[in-house]
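Colleague: This structure is in structure tokens; I'll ask about it shortly.
The values are calculated or read from the model by the stated rules, or taken from the named source; none is laboratory data. In this text, all values refer to a predicted model and were calculated from it rather than measured experimentally. Positions of Cβ are backbone-derived with ideal geometry, glycine not excepted, and every protein chain shown enters the neighbour counts.
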């Protein structure tokens, strides 16, 4: 077939090209590859009317040049828009050609970022605005895909065998018919009418992102209201989206900026969206009966049903669409708010005493450490909230992000870093139980219940109110004494100032310290039966408008009772102003964290992040034992090593107990940098030499001496460069280095590179002080040297009279699972061991451990003193960290979780060739990403993945000379559920990369 049409293409359009068949429901479509130019040949069905093509070509020509990504018409050799030719069977066919647009169908694009949705909405809005000027008689033809004439599907519902789904369609049709008369009053224009996910093209680039590149196939154009265009577009764009309603709202909001919508448009949109999908599934069912082997005609049926099967709250959808377009969240919302504002000060007091001067108490994430475990508010914690406040009444803020809402009901996913509701939507008034509560204004009881679940409302009442215009709004009173059920009934009228309930106690109010949760809502239609009192921070724009600050009902100012959230931009701008430019932030979109727990971090609004990056909190963020020991020691004494104290000796003992016998002397300093600096001093003093040998791309800290032996730093642009007394050897990377894993002698070959460095020292008439290396180079790329490498190196160094320094800052203290220190895996005995940040779990501690012989030489009459190194506070914390590692079996956990992590990563490697190597031990893991079999580093892809993982609320890093190695090194508290979360998210990111690289 293609040979025939190749000849016709050449004959009629002067284009010599090879053809490749494309999908189509009625017509033949071919991709025409003419070397440097690409086209699409469209062969119309037998009997196609010329006006059908005339309409499309005229519309496309009018739209060209308006930056709407429409195709370009290629004329015939005679200058016509199309040609009439015979097919292989002698049938007359109309054929035409367009220039191919770059990109792939939207259906094949993942992820679908918000910037793309915004861009698409503007393109569609611009398209509709431009088409207002277009007219053609063929727009008024009868057409089954005319959304204004969709009732034909009623006659074919018998084809739907699933009765539940048939009922869904019947309900959609009834809803559609109830508003069709309104839609018929809307102005009608030319619309594309089929902006589905196969008629929108997109380009994707790892650095540029996803962009709209084409709007194609104008064959379904009709005359119809613009809302039909938008409903159709939204119907397909939302399919299989993680948050389809947000996607719809984003698309509608951006469309509105180019082609403004009315409130009536928004009233109709979701109804028409569902009707379009109903037409689609009925049509595909009909077609599949006729052509059971044709996959194209049923291609969108499954995702369409997945959408229709969901029970969306139509009122909530409408409210979110209204907000997206800048309208009030509900009609007359501003009129209600104006009424409340004007009557502020005249409402009846809710309590018998005034709360005008009651203090506001900060329960925010950054303002309190409650709860200690942000995933489990204890009964005693809930019952004692504010027990230390010395006031008859005190208030909790509206709009305040809190971590006290810890049950699974507040999370939307299976992982701890899933979306979580954390922002308070009411005002809390804390006082003694039994206090009587009066209605601030007249109301009708809509709900009176006892919600008995732990940390629920307990007794709760909802009152309905009216303003002067008959607009209804609602107030909720939670944490009441459940005896209110005996006093009130639905429909009962409560007069202004009438006592109608009383505060419950922790025994009957859900388990909370006695308080009233007062919440305002402008509508009941968007509130489910649970009446959420807390919002997901990502949904706060909606919930904050629907449930605004109820301060007016308390005769208080919004400014007093509304939480002043931390402004990340202000914090970032001040940081930029107050600090040097080389104080860097992680991620393209920097994060602000105000709380931590175990291997989780919490931002200023309560979003939870899984920390698989930071190895400093070795035993977990905010460990309660460390909190207690630090508090206790600070209450007693914090001084330095010039005085005797048993904790100094205890700290040295718990460290030395983990070391080989020969390593028997400790020095305590403030950091790994200072520890490495001291280690170099020990080596130089003990040997009377200066020269140091060290592997390339190593990092040992930010002091002058540490930077001098850190190629990772001194080789940077504008770095200090390599000093004459520093000698670099290749890092023992047996994946991409000179000697690979296929070479059984690679360990010796890498070790022999030290000989060259020793020769250089001799040549410059220097003297060797020693060899320093991260046992497993971390910034070098989470490198695991081949077995036997360090033993051979150490042998050469010792023979040459040098000292061997093992920098275990990254690898020590059980992180490796199978080994407490990295040097154990290499079966070597260092002369000096350096420990750093993990041993303080965030408190600044560095440790140097060495032999008595080296210590004796260092004791040369010059005092060694570090003001804060070895302080009583530091030692107490260090001892506790070592005890926690043992007591909580964290080395074993590192081993077990590391096994699970490796298994998951190796499975991913089988599916994603971009993973070149997975290496490490325990929870010290590197994943090297490559572009091809030549091991070309996938640097851009690694950066993309790290930032996408951050968007999925998982923190990992990148390392290596080319920044192409994913670094995974979480606190040792991580569990298997978190490992599953990491693997699942990483798999999603790697699949996204396939979109960019295909």
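Colleague: State yes or no: is residue 186 in a loop (DSSP other than H, G, I, E, B), farther than 30 Å from residue 110 by Cα, assigned by TED's automatic domain parsing to the domain that holds residue 238 and modelled with pLDDT of 95 or more? If you could, list the steps in order and put the result at the bottom.
Modeller: Values: in a loop (DSSP other than H, G, I, E, B): yes; farther than 30 Å from residue 110 by Cα: yes; assigned by TED's automatic domain parsing to the domain that holds residue 238: yes; modelled with pLDDT of 95 or more: yes.
Yes; evaluated as a whole, the condition is true for this residue.
Colleague: If you don't mind, there's one more thing I want to ask. Check the range 163-182 and report whether any residue there is part of a loop (DSSP other than H, G, I, E, B) and either at negative phi or modelled with pLDDT under 95 (or both). Don't jump to the end; show me each part of the working.
Modeller: Filtering the range 163-182 for residues part of a loop (DSSP other than H, G, I, E, B) gives none.
No: zero hits.
Colleague: Now a separate question. Does the range 557-579 include one or more residues that are assigned by TED's automatic domain parsing to the domain that holds residue 460, in a loop (DSSP other than H, G, I, E, B), buried (at least 17 other Cβ atoms within 10 Å of the Cβ) and more than 27 Å from the chain's Cα centre (by Cα)?
Modeller: Checked against the condition, which is being assigned by TED's automatic domain parsing to the domain that holds residue 460, in a loop (DSSP other than H, G, I, E, B), buried (at least 17 other Cβ atoms within 10 Å of the Cβ) and more than 27 Å from the chain's Cα centre (by Cα), the range 557-579 yields no hits at all.
Colleague: In the range 753-782, how many residues are out of contact with any helix residue (DSSP H, G or I) (no Cβ under 8 Å at 6 or more places or on another chain) and part of a helix (DSSP H, G or I)?
Modeller: Qualifying residue count for the region: 8.
Colleague: Does the range 783-808 hold any residues that are in a strand (DSSP E or B), touching a residue at least 60 places away in the same chain (Cβ under 8 Å) and farther than 23 Å from residue 968 by Cβ, and which are they?
Modeller: Pass one, the range 783-808, residues in a strand (DSSP E or B): 803-807.
Filter once more, so that each one left must be touching a residue at least 60 places away in the same chain (Cβ under 8 Å): 803, 805, 807.
Matches in the range 783-808: 803, 805.
Colleague: Would you please name the residue that is farthest from residue 496 (Cα to Cα), looking only at residues in the range 546-556 that are out of contact with any helix residue (DSSP H, G or I) (no Cβ under 6 Å at 6 or more places or on another chain) and in a helix (DSSP H, G or I)? Don't jump to the end; show me each part of the working.
Modeller: Going through the range 546-556, the residues out of contact with any helix residue (DSSP H, G or I) (no Cβ under 6 Å at 6 or more places or on another chain) turn out to be 546-548, 550, 553-556.
Next, from what is left, pick out any that are in a helix (DSSP H, G or I): 546, 550, 553-554.
Details: 546: 24, 550: 16, 553: 11, 554: 13 Å.
So the residue we want is 546.
Colleague: Okay, next question. Out of the residues in the range 149-165 that are in contact (Cβ under 8 Å) with a residue 60 or more places away in the chain and surrounded by fewer than 18 Cβ atoms within 10 Å (Cβ to Cβ), state the one that is farthest from residue 231 (Cα to Cα).
Modeller: Let us first name the residues in the range 149-165 that are in contact (Cβ under 8 Å) with a residue 60 or more places away in the chain, namely 150, 153, 156-157, 159-160, 165.
Narrowing the set further to residues that are surrounded by fewer than 18 Cβ atoms within 10 Å (Cβ to Cβ) leaves 156-157, 159, 165.
Working: 156: 22, 157: 22, 159: 25, 165: 21 Å.
The extreme case among them is 159.
Colleague: Then there's this: For residue 899, indicate whether it is within 25 Å of residue 417 (Cα to Cα) and more than 21 Å from the chain's Cα centre (by Cα). Full working, then the answer.
Modeller: Details: within 25 Å of residue 417 (Cα to Cα): yes; more than 21 Å from the chain's Cα centre (by Cα): yes.
Yes, satisfied.
Colleague: Further question: Run residue 117 past the list (1) assigned by TED's automatic domain parsing to the domain that holds residue 255; (2) surrounded by fewer than 20 Cβ atoms within 10 Å (Cβ to Cβ); (3) touching a helix residue (DSSP H, G or I) at 6+ places or on another chain (Cβ under 7 Å) and report the number of the one that doesn't hold.
Modeller: (2)
Colleague: Taking the range 875-916 on its own, how many of its residues are in contact (Cβ under 8 Å) with a residue 60 or more places away in the chain, more than 30 Å from residue 843 (Cβ to Cβ), touching a strand residue (DSSP E or B) at 6+ places or on another chain (Cβ under 7 Å) and in a helix (DSSP H, G or I)?
Modeller: Matching residues across the range 875-916 total 2.
Colleague: Ok, one more. Inside the range 708-733, can you point out the residues that are part of a helix (DSSP H, G or I) and either in contact (Cβ under 8 Å) with a residue 40 or more places away in the chain or surrounded by fewer than 20 Cβ atoms within 10 Å (Cβ to Cβ) (or both)? Let's see the steps before the verdict.
Modeller: Filtering the range 708-733 down to residues part of a helix (DSSP H, G or I) leaves 708, 711-714.
Selection gives 712, 713, 714.
Colleague: Looking at 251, 264, 268 in this structure, which one is touching a residue at least 60 places away in the same chain (Cβ under 8 Å), out of contact with any helix residue (DSSP H, G or I) (no Cβ under 6 Å at 6 or more places or on another chain) and outside the structural domain of residue 56 (by TED's automatic domain parsing)?
Modeller: On the way: 251 fails: out of contact with any helix residue (DSSP H, G or I) (no Cβ under 6 Å at 6 or more places or on another chain); 268 fails: out of contact with any helix residue (DSSP H, G or I) (no Cβ under 6 Å at 6 or more places or on another chain).
After applying the criteria, what remains is 264.
Colleague: Identify all residues within the range 458-491 that are assigned to a loop (DSSP other than H, G, I, E, B) and in contact (Cβ under 8 Å) with a residue 12 or more places away in the chain; write none if there are none.
Modeller: In the first step, residues of the range 458-491 are kept if they are assigned to a loop (DSSP other than H, G, I, E, B); the result is 467-471, 481-483, 488-491.
Correct list: 467, 468, 469, 471, 481, 482, 483, 488, 489, 490, 491.
Colleague: Go through (1) touching a residue at least 24 places away in the same chain (Cβ under 8 Å); (2) part of a helix (DSSP H, G or I) and name the single condition residue 659 misses.
Modeller: (2)
Colleague: Within the range 598-619, is there a residue that is touching a residue at least 60 places away in the same chain (Cβ under 8 Å) and on the phi > 0 side of the Ramachandran plot?
Modeller: Yes.
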